[in-house]
Amino acid sequence: MHIHILGICGTFMGGLAVLAKEAGHTVTGCDANVYPPMSTQLEAQGIQLTQGFGAEQVALEPDLYVIGNVVSRGNPLMEEILNRGLPYVSGPQWMGEHILRDKWVLAVAGTHGKTTTSAMLTWILEYAGYAPGFLIGGVPLNFGISARLHGKQSSDFFVIEADEYDTAFFDKRSKFVHYHAKTAILNNLEYDHADIFPDVTAIETQFHHLVRTVPGVGRLIVNGKDESLARVVARGCWSEKEFFGQDQAWRLVLSEGEDFDVYFNDELQGTVHWQLNGEHNRQNALAAIAAARHVGVTPAIAIAALAEFVNVKRRMEIRGVERGVTVIDDFAHHPTAITTTVAGLRRKLGTARILAVLEPRSNTMKLGTMKQALPDSLKEADLVFGFGAHEGKDALGWDLAEALSPLGNKAQSFHQLPELVEAIVAVARPGDHVLVMSNGGFGGVHQKILTALKAKHHPEAVLA
């Protein structure tokens, strides 16, 4: 089958393209912005890419068009497909029907922690010899890739990050209803995606649609302290359930540093010794251990695997150290994720200074829905540098300086990258940690900061 993918350079659709190619399909695709690194990765797989959504691409005559959720009515190629009555399907539906249908699917859902928990669960299964396939919205550093059909041998198991965002312009259900999950982690549920959901109740309804797709022999791994998830499960549940969190069947007790003991039904299963930090990551790990047990991996093996787990790219990833200043990259953009990220780093660093650099660029943040929560989420940082574009697709529709004003003199806001970098470098000193938080590329600000720090001490260096 020849499939032509519209919106191929998104994380999900790019991963789908790789899986389709591995499965033996002919794959071509197009997007508005075809550029590295995604374009390089796809072309290395032998996938032909076209810049833009020109109607002339129907000349490729694929058997099927696979539509990403970046495509809307008015898209020239989509309009041509509709006018000619050509066959098309959404990316998540194609994924469910062609990749996941015969697999034991382990789906990881939640407002926060999907990518990290999916990576943990995938690594646990890999360590246990299951050679799982996976599609994750990031690059797990244990694998170096975001998607594969299976490991060194064929596998019945597939781990997928189960996103609650809508499927396509013609299918407003959440992506995860298409995945046929047999094991489903419900990690947490908060209001997000203000561009498509009017309130948290609407998101709870979508999560209950996911619950309805899990078979009776399946299992839900549920955060037992999350009130929204409690309401979701109360609507009806036809599968096995196990709960994790404080005072739940699966619980943890801090041991030493960031290590922790794992208990199931009050029986000690072992102690996790690992590289990660933060309560959110410990809860993610607990969920992954519980989910792996459903497919036969003992907690002892899962705990051993986590000792060798390396986090996902862009999750507290150290991008460099220059003159004693450490620059860290993190994907956090929702206030809850910002809070846990800063708190985790604070616990790790003690009294060392944290310079938090935030770009609120998700659709929800650009709408200003969460702006009131920003000051509190950043309170453990020593200095805060906010960045909000004044124009273009990432422009904020609200006043960032005003939103950060409760933080007083420790917060500044900028709308030009050079001025932002200059302000950070002017105050940074040895021992500081610059924590950059954004769900986008942020104009390569990480390297700009490192380069400027070097130039500060070596004036002859040329700024990049």
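The values are calculated or read from the model by the stated rules, or taken from the named source; none is laboratory data. On a predicted model such as this, the values are computed, not experimentally measured, just so you know. Every residue, glycine among them, receives a Cβ derived from its backbone with ideal geometry; neighbour counts consider all protein chains shown. What goes into the accessible areas is simple: the full protein's heavy atoms, side chains included, and nothing from ligands, DNA or RNA. Shrake-Rupley method; radii C 1.70, N 1.55, O 1.52, S 1.80 Å.
Here are the numbers for the structure shown:
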read-out: Leu400 being in contact with a Ser or Thr (Cβ under 6 Å, 6 or more places away or on another chain) and at pLDDT below 90; value: yes
read-out: Residues of the stretch 228-257 that turn out to be modelled with pLDDT of 95 or more and of a type in the set (Asp, Glu), as a count; value: 2
read-out: Enumeration of residues in the stretch 414-427 that are within 27 Å of the chain's Cα centre (by Cα) and open to solvent by 40 Å² or more (accessible area, probe 1.4 Å); value: His415, Gln416
read-out: The stretch 22-63, residues that are in contact (Cβ under 8 Å) with a residue 60 or more places away in the chain, within 25 Å of the chain's Cα centre (by Cα) and open to solvent by less than 80 Å² (accessible area, probe 1.4 Å); value: Ala23
read-out: Glu97 vs. criteria open to solvent by 30 Å² or more (accessible area, probe 1.4 Å) and closer than 30 Å to Thr339 by Cβ; value: no
read-out: The stretch 93-107: number of residues that are within 20 Å of Ala291 (Cα to Cα) and among the hydrophobic types (A, V, I, L, M, F, W, C); value: 5
read-out: Condition met for Trp250 (aromatic (Phe, Trp, Tyr), over 21 Å from the mean Cα position of the chain (by Cα) and under 24 Å from Ile303 (Cβ atoms)); value: yes
read-out: Criterion: in contact with a helix residue (DSSP H, G or I) (Cβ under 8 Å, 6 or more places away or on another chain) and either farther than 24 Å from Gly138 by Cα or among the charged types (D, E, K, R) (or both) - qualifying residue of Ala401, Ala411; value: Ala411
read-out: Looking only at the stretch 67-89, and only at residues there that are in contact (Cβ under 8 Å) with a residue 60 or more places away in the chain and part of a loop (DSSP other than H, G, I, E, B), the one that is most open to solvent (accessible area, probe 1.4 Å); value: Arg73
read-out: Candidate set: the stretch 398-413, residues that are over 26 Å from the mean Cα position of the chain (by Cα) and over 21 Å from Arg353 (Cα atoms); chosen: the one most open to solvent (accessible area, probe 1.4 Å); value: Glu402
read-out: Cross-chain or 6+ apart pairs with Cβ under 8 Å, the stretch 334-345 first and closer than 18 Å to Leu367 by Cα and open to solvent by 30 Å² or more (accessible area, probe 1.4 Å), then part of a helix (DSSP H, G or I) and of a type outside the set (A, V, I, L, M); value: Thr336/Ser377
read-out: When residues of the stretch 168-198 are limited to those that are within 30 Å of Met78 (Cα to Cα) and of a type in the set (Asp, Glu), the one surrounded by the fewest Cβ atoms within 10 Å (Cβ to Cβ); value: Asp195
read-out: Failed criterion for Ile8 (all others in (1) closer than 22 Å to Ile145 by Cβ; (2) surrounded by fewer than 20 Cβ atoms within 10 Å (Cβ to Cβ) hold); value: (2)
read-out: Residue that is farthest from Ala249 (Cα to Cα) [pool: residues in the stretch 209-239 that are of a type in the set (A, V, I, L, M, F, W, C) and part of a helix (DSSP H, G or I)]; value: Leu210
read-out: First in the stretch 270-291 and touching a residue at least 40 places away in the same chain (Cβ under 8 Å), second anywhere and assigned to a strand (DSSP E or B) and among the small types (Gly, Ala, Ser), Cβ under 6 Å, 6 or more apart; value: none
read-out: Selection from the stretch 281-327 of residues that are part of a loop (DSSP other than H, G, I, E, B) and farther than 21 Å from Leu349 by Cβ; value: Val295, Gly296, Val297, Thr298, Ala307, Glu308, Phe309, Lys313
read-out: Test set (1) touching an Asp or Glu at 6+ places or on another chain (Cβ under 9 Å); (2) free of Cβ contacts under 8 Å to residues at least 40 places away in the same chain - Pro92 fails condition number; value: (2)
read-out: Of all residues making up the stretch 135-150, the number that are among the aliphatic types (A, V, I, L, M), surrounded by fewer than 18 Cβ atoms within 10 Å (Cβ to Cβ) and under 18 Å from Asp329 (Cα atoms); value: 1
read-out: Residue list for the stretch 100-114, filter: open to solvent by less than 10 Å² (accessible area, probe 1.4 Å) and β-branched (Val, Ile, Thr); value: Val105, Val108
read-out: Selection from the stretch 353-372 of residues that are open to solvent by 40 Å² or more (accessible area, probe 1.4 Å) and of a type in the set (A, V, I, L, M); value: Leu367
read-out: Yes/no for Glu242 being assigned to a strand (DSSP E or B) and either open to solvent by 30 Å² or more (accessible area, probe 1.4 Å) or among the charged types (D, E, K, R) (or both); value: yes
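Results for (1) at pLDDT 95 or above; (2) farther than 19 Å from Leu77 by Cβ, shown as yes or no for each residue.
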{"residue": "His2", "(1), (2)": "yes, no"}
{"residue": "Gly10", "(1), (2)": "no, no"}
{"residue": "Lys21", "(1), (2)": "yes, yes"}
{"residue": "Thr26", "(1), (2)": "yes, no"}
{"residue": "Ser39", "(1), (2)": "no, no"}
{"residue": "Leu42", "(1), (2)": "no, no"}
{"residue": "Gly46", "(1), (2)": "no, yes"}
